[in-house]
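Have a look at the structure below before the remarks.
Rule-based calculations on the coordinates, nothing more; no lab input. In this text the structure is predicted, and so the values were computed from the model without any measurement. Cβ coordinates were reconstructed from backbone atoms using ideal geometry, including for glycine residues, and neighbour counts include every protein chain displayed.
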Amino acid sequence: MNNRSKKSPTLLADILKKSLKNINIEEKIKVYGLWKDWSSIVGEAIASKSRPDYILSSKLYVSVSSPTWLQELTYQKKGLMDKIKQRSNLPQITDIVFRIDKSN
C-alpha cells in the first residue's frame, strides 16, 4: 500500500506568495520607493546633498555630503520623519541616522 497522504497539489500562487513573504519582498519594494521618491519627499536641495542607504531595525540610514549637511538634517529630522510617515507606501521608520558619505 501507498503511505502517501491524499493531499491536493499546492497552488503555484500559494508557493510564490509564501516564497516572496520569506524574502521580505514587500519591505524591499517599500525601501525602493523611499529611494526612488527621495527628492520629492525631502526636496531637491536636501536630495542633492543626501541619499537613503538602507533600513535596519526600523532605522533609516542616510548618507550626507558634508558635516554641515549632517548638522542641518539632524535639526530637520523630525520634519523629515513626519514626511516619510505621511506616505503609506513607505516602510515604517522610527529613527533616521545621518552619516557622512565617505565616498566623496
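Out of the residues in the range 40-96 that are in contact (Cβ under 8 Å) with a residue 40 or more places away in the chain and of a type in the set (A, V, I, L, M), which is farthest from K28 (Cα to Cα)?
V42
Say we look at the range 7-44 and pick out the residues that are among the small types (G, A, S) and in a helix (DSSP H, G or I); which of these is nearest to the chain's Cα centre (by Cα)?
Of the range 7-44, the ones among the small types (G, A, S) are 8, 13, 19, 33, 39-40, 43.
Narrowing the set further to residues that are in a helix (DSSP H, G or I) leaves 13, 19, 33, 39-40.
Working: A13: 26, S19: 20, G33: 7, S39: 15, S40: 15 Å.
Per the criteria, the residue is G33.
Within the range 45-73, can you find the residues that are assigned to a loop (DSSP other than H, G, I, E, B) and surrounded by fewer than 16 Cβ atoms within 10 Å (Cβ to Cβ)? Let's see the steps before the verdict.
Restricting attention to the range 45-73, the residues satisfying the condition of being assigned to a loop (DSSP other than H, G, I, E, B) are 48-49, 57-58, 65-66.
Residues satisfying the conditions are S48, S57, S58, S65, S66.
Being within 17 Å of D37 (Cβ to Cβ) and assigned to a helix (DSSP H, G or I) is the filter here, so list the residues in the range 74-104 that pass it.
Of everything in the range 74-104, those that are within 17 Å of D37 (Cβ to Cβ) and assigned to a helix (DSSP H, G or I) turn out to be G79, L80, M81, D82, K83, I84, K85.
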